[in-house]
Amino acid sequence: MTGKDLYLRLLSYVRPFWRQFAVAIVAMMLLAATEPTIPALIKPMLDGTFVDRDPDVILWTPFVLVGLFLIRGSMTFISKVAFEWVAGRVVLVLRREMFERILTLPTAYFDANSTGNLINKVTFNVHQVAQASTKVLTILVKDTIIVIGLLGYMIYLNWLLTTIMFVLLPTIALVVSLLAKKLRRISRNLQETMGDMTHVLEESVRGHKLIKVFAGRAYEQSRFEKLADGVRLYNLKNTVAGMAHAPAVELAASMMLAVLIYVGTHDTIAGTLSVGGFVSLIAAIGLIFAPIKRLTGINQSLQQGLAAAESVFDLTDQTPEQDLGKRELAQVKGKISLRNVTFRYPTAEKDALTDISFDVEPGETIALVGRSGGGKTTVAALIPRFYQPVKGTILLDGEDVQELTLESLRGSLSYVGQESVLFDDTVAANIAYGAGRKVSHDEVVRAATDAHALEFIQQLPGGFDTMIGEDGVRLSGGQRQRMAIARALIKDAPVLLLDEATSALDTESERHVQAALERLTENRTTLVIAHRLSTVKHADRILVLKDGRIVEQGRHDVLLDRGGEYTELCQHQLGAEPA
């Protein structure tokens, strides 16, 4: 996308607030219009007071000056407040769009992009976009009017002297055009490095215990310092490139001023230019340099904003999850069928699943076991359509899940994983989150009771109103798992996916969680991904996966009698011949 296309797209976000923007523009134009008035007043003021000593001029000059600066102050206030309001709304709209897109992005996008870079787009980059959409326009409108007005007045005073300015202006334009591409590239690198630094910071905060235990402080410090120094360096390069136009402007200004003073002095001596006119001309020249410098300087803000816009629109233009399904299931019984399903991750060299087929009857509990990398978790990720199979079909109650709406499909599923994701909110809010609707306190208590969580919740300082911290940091592992189970219970979905829900727990916590899981799996179709084989002994059927294929299936005792892969897994885990 070209710079022009990017900027026009940015301006489309300003369009809904055109009234406020129009107020800002009008106020800015009035402010700009008063700028040429300042040197224009100097001529009659000097000639009328010090030269002609006109009493009328002496009388009205102070009032005109006060009125002029009162207007300037009022217009400055109105324009800045209006522009800031518009910029704030643009940032809000962009952030809303970005967050909405993040919530609908496919899982593969999160696999390929770091959390830090996503956070950086929403927090840092979007501010630079707002700078491009409002600040640049502010300078462009105000200073263009100022330059045109001052040039017009200077031509009125002495057209020959003013013509000298146009000879040197192309030099400034050439410098600006040469710097534009460099500024965009530097700004893009700055934003990427800032995202990497945010990612390292986020990892260090989340993994602070691991860093302490494994003496990773020096390594993390060096990683952060390297990226922080990169941010510093790109900021410096950005400033250097952005300010490189200043010497050209200053040189041109000094040359123009020298020539004008030389020629203007002779005109004044010759009588063709009054003292007031000469001082007024010099004042106009002095005033015109500042807006010219600002106009050439907006290139820096513009290129920063356009680079940020590329990053922001790269996110908002990402294709969301494909929800082409039209059908909805009114009453889900819970039968799941996989027919010759094959899947490969985008960056993988081989299939994660190959020709997988099995059925799960309503109310049946199926366990998936196998060595790491066998494809167990991938199966669980395909059912809710986090990923799309390369080949084959997944059915829910005989309907292809691709034909179902995502809302209907996922509304039929509940999930409890090994690492329970909890929010920095109250106990009650985390449990009620599973319902997707407003629930009563009694429903929350009932779910907590069924999940064997009521006892420890009642012992918390605030009970159900206790804040549990980020990721439930104030709770133990077993307590977090029971909270997740309570959340799944309150949803009351007919299909349940359990992804190694007890593998990271101690024996006592596992006992509590296992009791909660028995309550949770009642009358539900359950797919259990198990690491601890002791937790799947009572499953209706066990599927053994190896290298993405089902190599065995049956009940626990039947598989043990076969002496195959399942028996080897048991022996390896228990360290003895299974009984």
Q. Of all residues in segment 12-39, how many are surrounded by fewer than 15 Cβ atoms within 10 Å (Cβ to Cβ) and farther than 17 Å from Lys142 by Cβ?
A. 5
Q) Is there a residue being buried (at least 20 other Cβ atoms within 10 Å of the Cβ) and outside any loop (DSSP other than H, G, I, E, B) anywhere in segment 321-334? A) no
Q | Matching entry among Asp355, Asp314, Asp359, Asp351 (being assigned to a loop (DSSP other than H, G, I, E, B) and among the charged types (D, E, K, R)) | A | Asp351
Q | Criterion violated by Ile457 - all others in (1) closer than 26 Å to Arg410 by Cβ; (2) buried (at least 22 other Cβ atoms within 10 Å of the Cβ); (3) of a type in the set (A, V, I, L, M, F, W, C) satisfied | A | (1)
Q) (1) farther than 30 Å from Glu192 by Cα; (2) touching a Ser or Thr at 6+ places or on another chain (Cβ under 7 Å): which one isn't true of Val369, the others all being true? A) (2)
Q.
Going by what's in this entry, would Trp18 be described as of a type in the set (Phe, Trp, Tyr) and either modelled with pLDDT of 80 or more or within 14 Å of Thr134 (Cα to Cα) (or both)?
A. yes
Q.
With the requirement that a residue be assigned to a loop (DSSP other than H, G, I, E, B), within 22 Å of Pro494 (Cβ to Cβ) and of a type outside the set (Val, Ile, Thr), what does segment 398-430 give you?
A. Gly398, Ser412, Ser420
Q | Matching residues, segment 337-392, being surrounded by fewer than 20 Cβ atoms within 10 Å (Cβ to Cβ) and among the charged types (D, E, K, R) | A | Arg339, Arg344, Glu349, Lys350, Asp351, Asp355, Asp359, Glu361, Glu364, Arg371, Lys391
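Results for (1) under 14 Å from the mean Cα position of the chain (by Cα); (2) surrounded by 15 or more Cβ atoms within 10 Å (Cβ to Cβ), shown as yes or no for each residue.
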| residue | (1), (2) |
| --- | --- |
| Phe63 | no, no |
| Leu70 | no, no |
| Trp85 | no, yes |
| Val90 | no, yes |
| Leu103 | yes, no |
| Gly116 | yes, yes |
| Val126 | yes, yes |
**Q.** So Arg53, is it at pLDDT 85 or above and either out of contact with any Phe, Trp or Tyr (no Cβ under 8 Å at 6 or more places or on another chain) or not β-branched (Val, Ile, Thr) (or both)
**A.** no
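Would you confirm, using the coordinates I've provided, whether Phe77 is free of Cβ contacts under 8 Å to residues at least 40 places away in the same chain and closer than 30 Å to Ala380 by Cβ? So that I can check it myself, show each step before the final result.
Details: free of Cβ contacts under 8 Å to residues at least 40 places away in the same chain: yes; closer than 30 Å to Ala380 by Cβ: no.
No: the conditions fail for Phe77.
In segment 261-305, which residue that is among the hydrophobic types (A, V, I, L, M, F, W, C) and modelled with pLDDT under 70 is surrounded by the most Cβ atoms within 10 Å (Cβ to Cβ)? Reasoning before the result, please.
The initial filter retains those residues of segment 261-305 that are among the hydrophobic types (A, V, I, L, M, F, W, C), namely 261, 263, 269-270, 273, 275, 278-279, 281-285, 287-290, 292, 295, 298, 302.
In the following step, the residues that additionally are modelled with pLDDT under 70 were identified as 261, 263, 269-270, 273, 275.
On the way: Ile261: 15, Val263: 15, Ile269: 10, Ala270: 8, Leu273: 22, Val275: 13.
Only one residue tops the list, namely Leu273.
The values are calculated or read from the model by the stated rules, or taken from the named source; none is laboratory data. In this text, all values refer to a predicted model and were calculated from it rather than measured experimentally. Cβ atoms come from the backbone with ideal geometry, glycine included; neighbour counts cover every protein chain shown.
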